[in-house]
Amino acid sequence: MTYSGAVEVGGPADVHELSDLVISKIAVGPMNNNAYLLRCRATDEQLLIDAANDSARLLSLIGDDSIASVVTTHQHGDHWQALDEVVRVTGARTYAGRHDAEGIPVPTDVLVDDGDTIRVGRVEMTARHLVGHTPGSIALIYDDPHGHPHVFTGDCLFPGGVGNTWGEERSFASLINDVETKFFHALPDETWVYPGHGTDTTLGAERPHLAEWRERGW
């Protein structure tokens, strides 16, 4: 089956099979949130990105192999409602951006800064700190040595624009500057984007619209 990234709340996961990493995407509540389970092929170690909601479905997806860690992309409540239960059951280490951790009611074991490395088994990902949607949002970039990069953007980049900054000009300017610098200037068009809600995209599909986003201010 070809991976599309199109998932629905209550529906099955969509699985992206890479050479060294398996990415399972699932949609849960409360706002059609995406959660991503990453499994290292070499070690079977697993990492979850955003325990958003519906701990029973997430734990079913995780399965008997459990998870070593869970990364919360930002402090908004729709991205951590199942975090407490998932951590209680699995004993996973928790990761979050240094400047958002205080807004997450589950203790953060590892405070993440821009450029930090987060590992799942033998697979390494680079964290990027982006300011605007929240003060401490983080994205994870996996630069696949056998193909193109993959980036888990949380709520900082979607098909059609950057994340919500609620009409605050300074927040929007900060977010789009960070997105341009850390994604579009640094990564190729083939980079696959896995957002916090909705369908996936690529940087190549979004790149022609950057000037339009800046002009409209959101």
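Brief remarks on what is shown
- Region 148-171, residues that are part of a loop (DSSP other than H, G, I, E, B) and of a type in the set (Ser, Thr, Tyr): 165
The rows are residues; the columns are (1) surrounded by 20 or more Cβ atoms within 10 Å (Cβ to Cβ); (2) at pLDDT below 95; (3) over 16 Å from residue 130 (Cα atoms).
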site	(1), (2), (3)
46	yes, no, yes
57	no, no, yes
60	no, no, yes
70	yes, no, yes
78	no, no, yes
91	no, no, yes
98	no, no, no
104	yes, no, yes
111	no, no, no
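- Residue list for region 1-21, restricted to those being assigned to a strand (DSSP E or B) and under 18 Å from residue 201 (Cα atoms): 14, 15, 16, 17
- Residues within region 24-46 that are of a type outside the set (Ser, Thr, Tyr) and either under 15 Å from residue 65 (Cα atoms) or part of a loop (DSSP other than H, G, I, E, B) (or both), tallied: 13
- Scanning region 110-129 for residues that are under 14 Å from the mean Cα position of the chain (by Cα) and not in a strand (DSSP E or B) yields no hits at all.
- Failed item, numbered, when residue 166 is tested on (1) of a type in the set (A, V, I, L, M, F, W, C); (2) at positive phi; (3) under 19 Å from the mean Cα position of the chain (by Cα): (3)
Residue by residue, here is whether (1) closer than 25 Å to residue 43 by Cβ; (2) among the aliphatic types (A, V, I, L, M) holds:
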{"position": "81", "(1), (2)": "no, no"}
{"position": "89", "(1), (2)": "yes, yes"}
{"position": "98", "(1), (2)": "no, no"}
{"position": "103", "(1), (2)": "no, no"}
{"position": "113", "(1), (2)": "no, no"}
{"position": "117", "(1), (2)": "yes, no"}
{"position": "125", "(1), (2)": "yes, yes"}
{"position": "136", "(1), (2)": "no, no"}
{"position": "139", "(1), (2)": "yes, yes"}
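- Selection within region 90-106 - out of contact with any strand residue (DSSP E or B) (no Cβ under 7 Å at 6 or more places or on another chain) and assigned to a loop (DSSP other than H, G, I, E, B): 91, 99, 105
- Residue count for region 130-147 under the criterion of being surrounded by fewer than 18 Cβ atoms within 10 Å (Cβ to Cβ) and not in a loop (DSSP other than H, G, I, E, B): the result is 1.
- Positions within region 53-81 being more than 23 Å from residue 121 (Cβ to Cβ) and not in a helix (DSSP H, G or I), in sequence order: 53, 54, 74, 75, 76, 80, 81
- The residues of region 136-180 that are touching a strand residue (DSSP E or B) at 6+ places or on another chain (Cβ under 9 Å), within 22 Å of residue 34 (Cα to Cα) and aromatic (Phe, Trp, Tyr), listed by number, are 142, 152, 158.
- Any chance residue 21 is touching a residue at least 12 places away in the same chain (Cβ under 8 Å) and under 20 Å from residue 88 (Cβ atoms): no
- Of the residues examined, residue 151 is not one that is surrounded by 18 or more Cβ atoms within 10 Å (Cβ to Cβ), more than 21 Å from residue 22 (Cα to Cα) and touching a Phe, Trp or Tyr at 6+ places or on another chain (Cβ under 8 Å).
- Tally of residues being of a type outside the set (Ser, Thr, Tyr) and either surrounded by 17 or more Cβ atoms within 10 Å (Cβ to Cβ) or in contact with a helix residue (DSSP H, G or I) (Cβ under 8 Å, 6 or more places away or on another chain) (or both) across region 30-44: 9
The values are calculated or read from the model by the stated rules, or taken from the named source; none is laboratory data. Everything numeric here is computed off the predicted structure, so don't read it as measured data. Cβ sites come from the backbone with ideal geometry, for glycine too, and all protein chains shown count toward neighbours.
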